[in-house]
Each structure stands twice: as C-alpha cells, then as structure tokens.
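Visitor: Next up is a structure, given as structure tokens.
The values are calculated or read from the model by the stated rules, or taken from the named source; none is laboratory data. Everything quoted here is computed from the prediction, not taken from an experiment. Ideal geometry is used to build each Cβ from the backbone, glycine not excepted, and the neighbour counts take in all protein chains shown. The accessibility values were calculated without ligands, DNA or RNA, using every heavy atom of the protein model including side chains. Shrake-Rupley method; radii C 1.70, N 1.55, O 1.52, S 1.80 Å.
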Amino acid sequence: MRMLVVDAFADRPFTGNPAGVCLLRDEADPAWMQRVAAEMRHSETAFVRPLRDDREADYELRWFTPLVEVALCGHATMGAAHALYETGTAEPGRPVRFRTLRSGVLTVGRDAGGALSMDFPSCPAEPVAVPDGLAEALGVPVAAAGRNVQNDVLAEVADETAVRELAPDVAALARIDARGVIVTAAADAGRGYDFVSRFFAPRVLPDGGEDPVTGSAHCALAPHWAARLGRDALTGYQASARGGRVGVALRGDRVVLSGTAATVLDGELRA
C-alpha cells in the first residue's frame, strides 16, 4: 500500500511537523497500525481508508503515535488530506470528509494556491489552579493555567522569550496529570503572528516528548487567545526547532486551522 511522509504546517520541506500517511484499501488491525506507527517514529502516523456507504464522510481516519492511538491530531489530518489531493485520490476543489472514532467528522478543503483549511472542534481550556510541580518541571513561572476535554494543560507564561527558551525537565513533566502541556505567550510586537506556543507530551511521544507543530493544541489556543486579544482570526507560531505557522479562526464551537504542507517521501509499504 502507498505510504507518504508529509510535512504539515510547513512552507517548505523539513519544517513544520512530519506525519506518516498510510493509504489503506481495506480495514486494518489496530495492533498492526500501532506497529507501523512505531516503525515510522513520527509523532503521529495517519491511516486513511475509503468509506463506501457513509453519506457524511468519504474516508475513515485514525491517528497513532509510536506509543498509543490518539483521539485528535491536526497535523496528521492535514498530512492525510494533502496526500489524498497530491496522489489524485481526492477530487481537486472538493473538500475531504474524514470519519474519526472520537472526534466526529472532520472536513478539510484546499484552495487554488494549495493552502489547506481544517474544520475542527474547539477545545477551550477551562481555568484551573496551576498543577503542582508544573512550574518546576517547566523551569519558568506559570501565570495562568487551564485544562480541556483532551486533558491537555494550557500554561501561559510571561513572554515569547520564555516560550522559546524552555528546557523542561521531561521526567518531571511526565508526572503531570495530562495528555500534554501547551505552553504559550503573546507574541512579541512586529512578529507577524499573534501568539507563540510549544507542546510537550512525554506520556505519549518518544524522544523528549516535544511535538513540532500541534494542530489539536491550537483548538485550545484559538479560544484562549481570541478571548485575550478580542479577535476571532489569529495566527499562531509553534516555536519548536522545526517551527510552523498555524492560522486559526474561531467559529462558535468550531475552529478552522489553516496552513500548507509538503510531501517529502512517497513510497510503498510492504509489511
């Protein structure tokens, strides 16, 4: 079957967040999908299967990290849609509709310039007390914290420099009761984006647990910064080593995430 690697939220190869994309013909065993994801070693690998009798969706979509299956993944959804369009599997100019196990139907469209827009559920973080040990694990003071239905903790810190220079204690961060920790701050003036973030999930991701560019985290960041900045359309920058821009537009209980992607590998999976 066809297997691709796509850099999502990337304006050129080797930036943004790489995702494996496996284009299935038929149903696959979840244990096999987990083994493929472990072999790929990207933060997520997407598995796409055509649906023949579903009036609401065109494809089933599932996401696996090297360690576990996850309920929602933005960059691998973008990678999956990009792969379908690039291989000619999806019809140009027509949105792709994905049926997911725990996040409903997700729709991705592509404009004439190749930019992709994804309609995702908003996942606002409700204010909570700063979890014990979080500031110590991050190595910086936490000004405010929240938690959302994905069990991600959102931690707002002082400024962009604090986000960029984070060097967390990964073992201590893994002891925080959370799927992942979103660290964010308002962007410095004149940057061309509105807020910055980084995302750490040592419980579900290998090799230090940092995800390069995280679509699902922006489902929490969008309502957070829309409320703070008084605008529904914003641009975020995830300041990992690879880095990537994510456009966000808050629409009621949905968030439209937008960006571009690049294929870096296209081959055949034999196992």
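Visitor: I'd like the residue in region 72-111 that is in contact with a Phe, Trp or Tyr (Cβ under 9 Å, 6 or more places away or on another chain), over 19 Å from Thr260 (Cβ atoms) and of a type in the set (A, V, I, L, M) and, out of all such residues, is least open to solvent (accessible area, probe 1.4 Å).
Guide: My answer is Leu72.
Visitor: Okay, moving on. Answer yes or no as to whether Asp232 is outside the structural domain of Thr65 (by the TED database) and either free of Cβ contacts under 8 Å to residues at least 12 places away in the same chain or open to solvent by 10 Å² or more (accessible area, probe 1.4 Å) (or both).
Guide: Details: outside the structural domain of Thr65 (by the TED database): yes; either free of Cβ contacts under 8 Å to residues at least 12 places away in the same chain or open to solvent by 10 Å² or more (accessible area, probe 1.4 Å) (or both): yes.
Here the answer is yes, as Asp232 does meet what is asked.
Visitor: Please go through region 92-101 and pick out each residue that is assigned to a loop (DSSP other than H, G, I, E, B) and more than 17 Å from the chain's Cα centre (by Cα).
Guide: Selection gives Pro92, Gly93, Arg94, Pro95.
Visitor: Determine the pairs where a residue that is part of a loop (DSSP other than H, G, I, E, B), located within region 8-29, has a partner that is polar (S, T, N, Q) and open to solvent by 20 Å² or more (accessible area, probe 1.4 Å) with Cβ atoms under 6 Å apart, the partner being 6 or more residues away or on another chain.
Guide: Correct list of pairs: Asp11/Thr260.
Residue by residue, here is whether (1) in a loop (DSSP other than H, G, I, E, B); (2) touching a Lys or Arg at 6+ places or on another chain (Cβ under 9 Å) holds:
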{"site": "Ala76", "(1), (2)": "no, no"}
{"site": "Ala90", "(1), (2)": "yes, yes"}
{"site": "Ser103", "(1), (2)": "yes, no"}
{"site": "Val108", "(1), (2)": "no, yes"}
{"site": "Phe120", "(1), (2)": "no, yes"}
{"site": "Pro127", "(1), (2)": "no, yes"}
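Yes/no per residue for (1) open to solvent by less than 20 Å² (accessible area, probe 1.4 Å); (2) among the β-branched types (Val, Ile, Thr):
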| site | (1), (2) |
| --- | --- |
| Ala185 | yes, no |
| Asp194 | no, no |
| Phe199 | yes, no |
| Val204 | no, yes |
| Asp207 | no, no |
| Glu210 | no, no |
| Cys219 | yes, no |
| Ala222 | yes, no |
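Visitor: Still on this structure, I have one more. Quick test of your reading of the structure: Val21 fulfils all but one of (1) surrounded by fewer than 24 Cβ atoms within 10 Å (Cβ to Cβ); (2) closer than 19 Å to Gly267 by Cα; (3) among the hydrophobic types (A, V, I, L, M, F, W, C). Name the failing condition by number.
Guide: Answer for Val21: the failing condition is (1).
Visitor: Can I ask one more? Looking only at region 154-199, which residues are of a type in the set (Gly, Ala, Ser) and in contact (Cβ under 8 Å) with a residue 40 or more places away in the chain?
Guide: Across region 154-199, the qualifying residues are Ala178, Ala186, Ala187, Gly192, Ser197.
Visitor: Let me ask something else about it. Can you name every residue in region 43-70 that is at pLDDT below 95, surrounded by 13 or more Cβ atoms within 10 Å (Cβ to Cβ) and not in a strand (DSSP E or B)?
Guide: Hits for region 43-70 are Ser43, Thr65, Pro66, Leu67, Val68.
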